[in-house]
1. Go through (1) more than 16 Å from the chain's Cα centre (by Cα); (2) over 24 Å from ASP129 (Cβ atoms) for VAL41 and report which single condition fails.
2. Can you name every residue in region 35-51 that is at pLDDT 95 or above, crowded, with 17+ Cβ neighbours inside 10 Å and not hydrophobic (A, V, I, L, M, F, W, C)?
3. Restricting to region 62-88, count the residues that are out of contact with any Ser or Thr (no Cβ under 6 Å at 6 or more places or on another chain), surrounded by 20 or more Cβ atoms within 10 Å (Cβ to Cβ) and not small (Gly, Ala, Ser).
4. Sort out which residues of region 112-122 are free of Cβ contacts under 8 Å to residues at least 60 places away in the same chain and within 13 Å of the chain's Cα centre (by Cα), and write them in order of number.
5. Note down all Cβ pairs under 6 Å where the first residue falls in region 154-168 and is touching a residue at least 40 places away in the same chain (Cβ under 8 Å), the second is assigned to a loop (DSSP other than H, G, I, E, B), and they're at least six residues apart or on different chains.
6. Can you confirm whether ASN91 is in contact (Cβ under 8 Å) with a residue 40 or more places away in the chain, buried (at least 18 other Cβ atoms within 10 Å of the Cβ) and farther than 16 Å from PHE160 by Cβ?
7. Which of the residues that make up region 34-90 are among the charged types (D, E, K, R) and more than 14 Å from ILE105 (Cβ to Cβ)?
8. For region 144-168, how many residues are under 23 Å from VAL60 (Cα atoms), surrounded by fewer than 17 Cβ atoms within 10 Å (Cβ to Cβ) and either modelled with pLDDT of 95 or more or among the basic types (Lys, Arg) (or both)?
Amino acid sequence: MEFLEKLKSFEIPTCLRVCAGTDGSVTFLLEIMTKHPTAVVTEYQHIIPADEKMADIFGVDVGADINERVVTLIAGDTPYVFARSLSAIENMPDVVRCDLMKADIPIGRILRDHNIETRRDFESIDIEDDEPLFGAQKVLSRSYRIVHHNGVLMWINEKFPVDDRWCL
């Protein structure tokens, strides 16, 4: 698996490797690792029209409503993750759509609370040196799709600062 081999090759703290490699809830892992509640702080959320790439990802028409949400995950007073998610409104189960449109609810919790069976298909993982985040000069970026009933429910890009905040 290219994703896993690439992740294992990075010289990063183990806690960061675990969060970046999980196919489960990063929010839940942060709470375990930091021993602090993890806050989901919504930077912005709005509906945008699907471009060709989004339409292809979600199997919808160009121009279909896509929910774009950008959040920061903070444990204690420390920001750990910057995340952007896209989801096609028409593909969302009604109960998920309602909760997703509310700010500050973690996606993993929404799926778990509504017993939505999903899997995460990893797309990419890289270390970026030219995009500072939360005071760190290096950033680990990963993208994946949350799949439900063989359709893409969400596309997510998460960015993690690569520094000693992960030495927990």
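The values are calculated or read from the model by the stated rules, or taken from the named source; none is laboratory data. Predicted model only: the values in this text are computed from it and were never measured. Backbone-built Cβ (ideal geometry, glycine too); neighbour counts: all protein chains shown.
1. (1)
2. Once the filter is applied, which keeps residues that are at pLDDT 95 or above, crowded, with 17+ Cβ neighbours inside 10 Å and not hydrophobic (A, V, I, L, M, F, W, C), region 35-51 yields nothing.
3. Total satisfying the criteria: 4.
4. Restricting attention to region 112-122, the residues satisfying the condition of being free of Cβ contacts under 8 Å to residues at least 60 places away in the same chain are 113-118, 121.
Correct list: ASP121 only.
5. Filtered contacts from region 154-168: PRO161/PHE134; VAL162/ILE12; VAL162/LYS138; TRP166/PRO13; CYS167/PRO13.
6. yes
7. LYS35, GLU43, ASP51, GLU52, LYS53, ASP56, ASP61, ASP65, GLU68, ASP77, ARG84, GLU90 - these are the residues of region 34-90 that are among the charged types (D, E, K, R) and more than 14 Å from ILE105 (Cβ to Cβ).
8. Here is the first cut: in region 144-168, the residues under 23 Å from VAL60 (Cα atoms) are 144-157.
When the remaining residues are screened for being surrounded by fewer than 17 Cβ atoms within 10 Å (Cβ to Cβ), the result is 147, 149-151, 157.
Among the residues that remain, those that are also either modelled with pLDDT of 95 or more or among the basic types (Lys, Arg) (or both) are: 157.
Qualifying residue count for the region: 1.
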